Amino acid sequence: MTAPPATSMEIVTTRGGVTELRRRWEAEDPWASLLIVHGLAEHSGRYRNVGARLAAAGIDTHAFDLMGFGASGGTRADIADWHTYLFQLSDNLARLLDRGLPRVVLGHSVGGLLTIDYAMSRHRQPDLVVLNAPAVDAVVPAWKRRASPILAGLVPTLTLANPINPDEIFNDPTAVAGYLADPLLEPRTTVRLGAHLLGTMDRVAASLDRFTPPCLLTHGEDDTLVPPATSDALARLPNVERRLYPGVRHASLQEPVGAMIIDDIVAWIRTMTDH
């Protein structure tokens, strides 16, 4: 590992006129650059340890808060058009182009779903993708799936409680306590965003063969929020290498075991970039 990374934050105005929080963990002598895409209900600040460890290993690391989450602007936990998130990812990925380094996107949970959808788009693409417990499917009753677009049309900004139990996503009691004490977490989600998520899951599942970048998929075997079986179809793709971690739950990168998984990610990126 090199020297501890310098960290920075900035607030910018997006192409849609909404404020966006960006973070950077600057590597001293970088050999790759990486963009973190956070999951539902959370924000980029929850990846401080991830960004610091990646940067200390020589990977210049960036992150941002999705619209409606964390310190970014917009209606809380809502988005009118899913493409807004794709444009956010595209504009942040463009920041990585200046250094001329290999570009990696790391998406967790819903951030992983967004990353997969982005990789199937016509936007400028990263060189490598890392997915951590990607939310490519959800355990949702059939009637809720059918009702979701109807509710989104009638009462789009109606909010429902997120089905996220911190004891379900963490093994470590300290991580649970930190999660519960985080003032920037969003405990509810609009039915419109929920409909966007379910629609994106269906669209991704129907065209998974279009997901072609070299990809490392990491998943905890004890993940009950997004069970490992949901990523089986992804794991069968020739461009995807999946690694399952026994005894590990959903938010693995934010727990003590995350250090080992991050080191595995760094080693994989080194192999793929000949560093």
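Restricting to the range 109-139, give me the number of residues that are closer than 13 Å to Leu34 by Cα, surrounded by 22 or more Cβ atoms within 10 Å (Cβ to Cβ) and of a type outside the set (A, V, I, L, M). The total comes to 2. Residues being closer than 18 Å to Asp127 by Cα, in a helix (DSSP H, G or I) and touching a helix residue (DSSP H, G or I) at 6+ places or on another chain (Cβ under 7 Å): count how many of those fall in the range 62-108. So the answer is 2. Among the residues here, Asp202 qualifies as modelled with pLDDT under 95 and in a helix (DSSP H, G or I). Give me a count of the residues in the range 15-39 that are touching a residue at least 24 places away in the same chain (Cβ under 8 Å) and either surrounded by fewer than 16 Cβ atoms within 10 Å (Cβ to Cβ) or touching an Asp or Glu at 6+ places or on another chain (Cβ under 8 Å) (or both). The total comes to 17.
Could you grab me the full set of residues in the range 237-272 that are surrounded by fewer than 17 Cβ atoms within 10 Å (Cβ to Cβ), outside any helix (DSSP H, G or I) and either touching a Gly at 6+ places or on another chain (Cβ under 8 Å) or among the hydrophobic types (A, V, I, L, M, F, W, C) (or both)?
Residues satisfying the conditions are Leu237, Leu244, Gly247.
Of Thr174, Thr157, Thr190, Thr84, all but one fail to be β-branched (Val, Ile, Thr), touching a strand residue (DSSP E or B) at 6+ places or on another chain (Cβ under 8 Å) and surrounded by fewer than 23 Cβ atoms within 10 Å (Cβ to Cβ); the exception is Thr157. If you check Gly16 against the conditions, is it part of a loop (DSSP other than H, G, I, E, B), modelled with pLDDT of 95 or more and in contact with a helix residue (DSSP H, G or I) (Cβ under 8 Å, 6 or more places away or on another chain)? When the stated conditions are applied, Gly16 does not pass them. A search for C-beta distances below 6 Å between a residue of the range 234-250 that is without any contact (Cβ under 8 Å) to a residue 24 or more places away in the chain and any residue that is part of a strand (DSSP E or B) and not β-branched (Val, Ile, Thr), counting only pairs 6+ apart in sequence or on different chains, returns Ala235/Arg242. Scanning the range 205-218 for residues that are outside any helix (DSSP H, G or I) and either surrounded by fewer than 17 Cβ atoms within 10 Å (Cβ to Cβ) or of a type outside the set (Phe, Trp, Tyr) (or both) returns Ser207, Thr212, Pro213, Pro214, Cys215, Leu216, Leu217, Thr218.
The listed residues are Leu184, Leu193, Leu197, Leu216, and the only one of them that is modelled with pLDDT of 95 or more and in contact with a His (Cβ under 7 Å, 6 or more places away or on another chain) turns out to be Leu184. Out of all the residues in the range 219-236, is one or more under 17 Å from Gly107 (Cα atoms), aliphatic (A, V, I, L, M), assigned to a strand (DSSP E or B) and touching a helix residue (DSSP H, G or I) at 6+ places or on another chain (Cβ under 9 Å)? Checked the range 219-236: no residue is under 17 Å from Gly107 (Cα atoms), aliphatic (A, V, I, L, M), assigned to a strand (DSSP E or B) and touching a helix residue (DSSP H, G or I) at 6+ places or on another chain (Cβ under 9 Å). For the range 140-159, give me each residue that is outside any loop (DSSP other than H, G, I, E, B) and of a type in the set (A, V, I, L, M). Matches in the range 140-159: Ala142, Ala147, Ile150, Leu151, Ala152, Leu154.
Out of all the residues in the range 163-193, which are assigned to a helix (DSSP H, G or I) and of a type in the set (A, V, I, L, M, F, W, C)?
Ile169, Ala175, Val176, Ala177, Leu180, Val191, Leu193
Among the conditions (1) in contact with a Leu (Cβ under 6 Å, 6 or more places away or on another chain); (2) hydroxyl-bearing (Ser, Thr, Tyr); (3) closer than 20 Å to Thr189 by Cβ, Tyr118 misses just one, which is (3).
The values are calculated or read from the model by the stated rules, or taken from the named source; none is laboratory data. Just so it is clear, the structure is predicted and the values come from calculations on it, not from any experiment. All Cβ positions, glycine included, derive from the backbone under ideal geometry; neighbour counts span all protein chains shown.
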